[in-house]
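No value in this document is a laboratory result; all are computed from the given coordinates. Just so you know, these numbers come straight off a predicted model, no measurement behind them. Ideal geometry is used to build each Cβ from the backbone, glycine not excepted, and the neighbour counts take in all protein chains shown.
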Amino acid sequence: MYPKTPPMGFNTWNTFAENISDEMIRQTADAMVEKGLLDAGYNYLVIDDCWSEKERDPVTGKIVPDKKKFPNGMRAVADYVHSKGLKFGLYSCAGIRTCADYPGSYDNEYLDAKTFAEYGADFLKYDYCYKPPYANGALLYRRISLALQNSGRDILLSACNWGADDVHHWIRSTGAGMYRSTGDICDKFESFRDIFISQIENAKYAGPGCFNDIDMLTVGMHNRGNVARDGCTDLEYRTEFALWCMFGSPLMLGCDVRNMDDTTLALVKNPHLLRINQDEACRTPFVAQYEGNNLRNVYARLLSDGRIAIMFTNLSDNDKQWAWLALDSLGIPAPVKKGLRLTNAFTGEDEGVFKEYIQLPVGAHDCAVYIAEVVD
Ligand code: GLA
């Protein structure tokens, strides 16, 4: 399965880790539909690590679901998820064991792909722990990719090797539909800031068919769950979500969607930000104004309808920094006398026409995002 725009959904890891169950997955599926997340585009419900028994079935050699967590088996869970109109995702690993020490798929790729297809999977996150040092990472991703393509189901491969081994140079050749390019995120401003900054230069490797996954969102976690550290403010979550949208990352929610507050829900369903993320052209965002240390850059991204998404960032701790952008740096020279009409992506409000330059204050950890139209 080669996605045309960044995949969207929910993944269990950030909040739940090993605390997953049949009941929790069904409740999450219900919540994704009831809260309008599916309608907004979040269609994958992915179970991350810790869903299987600690050892393979001694007779069949298959990875089997944990009997306590999933007493009805995995097919029943997948059927329920599918009945809600969602797609179902599972997790395995290119190594001998998964990162949390469950069976990995190394040397069992074809058997496992078939098993995951039998369980009803539409998505497979594929990690990189316990990979034998002599094994070639690109080859292992190719193996599982071909195994999935020959499993009888259309299964999106989500590679997860944390940006190791120059993955952006070879991942597209493996058939993966998205790939994790960074180490694990945690619920804290500095974590998503540093992860984002590390991928500014790698944005050019992403595009239709294979997207750079900057990691599952911590938006709305509010310091609850597995990767909770200090938590973030709503303003910081807004910046995180806007950065992920601007840079065309897959949008995998990591908070407990069953208990999402209204602010978080409105943010992750924001139609303007999702419009930018899901733009069919998947153009690379570029640095339109560089501020020396990547903390206060201005980014721009050409959209398929001729408009331009513009994002002013202040990832520094200094409040009330003035952001400035010459329209010339977007390709609008002053002598042509054209301007930009700005729609505020957060509020949907028309902020009028700007000529020659845009200047505005941006507070610490905050950002401003606009969709701009060239006008006379
Ligand atoms: C790795 C991945 C995480 C998560 C865990 C599960 O750390 O990067 O996203 O899948 O493994 O053990």
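Under the condition of being more than 22 Å from the chain's Cα centre (by Cα) and of a type in the set (Gly, Ala, Ser), which residue from region 92-119 is farthest from Ile171 (Cα to Cα)?
Ala117
Take Val33 and decide whether it is more than 16 Å from the ligand (Cβ to nearest atom), assigned to a loop (DSSP other than H, G, I, E, B) and either among the hydrophobic types (A, V, I, L, M, F, W, C) or more than 20 Å from Ala147 (Cα to Cα) (or both). Give the steps one after another, and end with the answer.
Working: more than 16 Å from the ligand (Cβ to nearest atom): yes; assigned to a loop (DSSP other than H, G, I, E, B): no; either among the hydrophobic types (A, V, I, L, M, F, W, C) or more than 20 Å from Ala147 (Cα to Cα) (or both): yes.
No; evaluated as a whole, the condition is false for this residue.
Counting just the residues of region 182-195 that are over 19 Å from Trp13 (Cβ atoms) and either touching a residue at least 24 places away in the same chain (Cβ under 8 Å) or within 14 Å of the ligand (Cβ to nearest atom) (or both), which one comes out surrounded by the fewest Cβ atoms within 10 Å (Cβ to Cβ)?
It comes out as Arg193.
Kindly indicate whether Lys131 is among the charged types (D, E, K, R), within 16 Å of the ligand (Cβ to nearest atom), in a loop (DSSP other than H, G, I, E, B) and in contact (Cβ under 8 Å) with a residue 24 or more places away in the chain. It would help to see each step written out before you state the result.
On the way: among the charged types (D, E, K, R): yes; within 16 Å of the ligand (Cβ to nearest atom): yes; in a loop (DSSP other than H, G, I, E, B): yes; in contact (Cβ under 8 Å) with a residue 24 or more places away in the chain: yes.
Yes.
For Ala203, are the conditions met, namely being touching a Pro at 6+ places or on another chain (Cβ under 7 Å) and farther than 23 Å from Glu18 by Cα?
Numbers: touching a Pro at 6+ places or on another chain (Cβ under 7 Å): yes; farther than 23 Å from Glu18 by Cα: yes.
Against the criterion (touching a Pro at 6+ places or on another chain (Cβ under 7 Å) and farther than 23 Å from Glu18 by Cα), Ala203 qualifies.
Just give me the residues in region 323-338 being within 25 Å of Asp366 (Cβ to Cβ) and surrounded by fewer than 18 Cβ atoms within 10 Å (Cβ to Cβ), in sequence order. Before you say what the answer is, go through the steps one by one.
Keep residues of region 323-338 that are within 25 Å of Asp366 (Cβ to Cβ), which gives 323-327, 329-330.
Listed by number, the residues that qualify are Trp324, Ala326, Ser329.
Could you list all residues from region 79-128 that are in a loop (DSSP other than H, G, I, E, B), touching a Lys or Arg at 6+ places or on another chain (Cβ under 6 Å), away from the ligand (no atom under 15 Å from the Cβ) and small (Gly, Ala, Ser)?
Gly120
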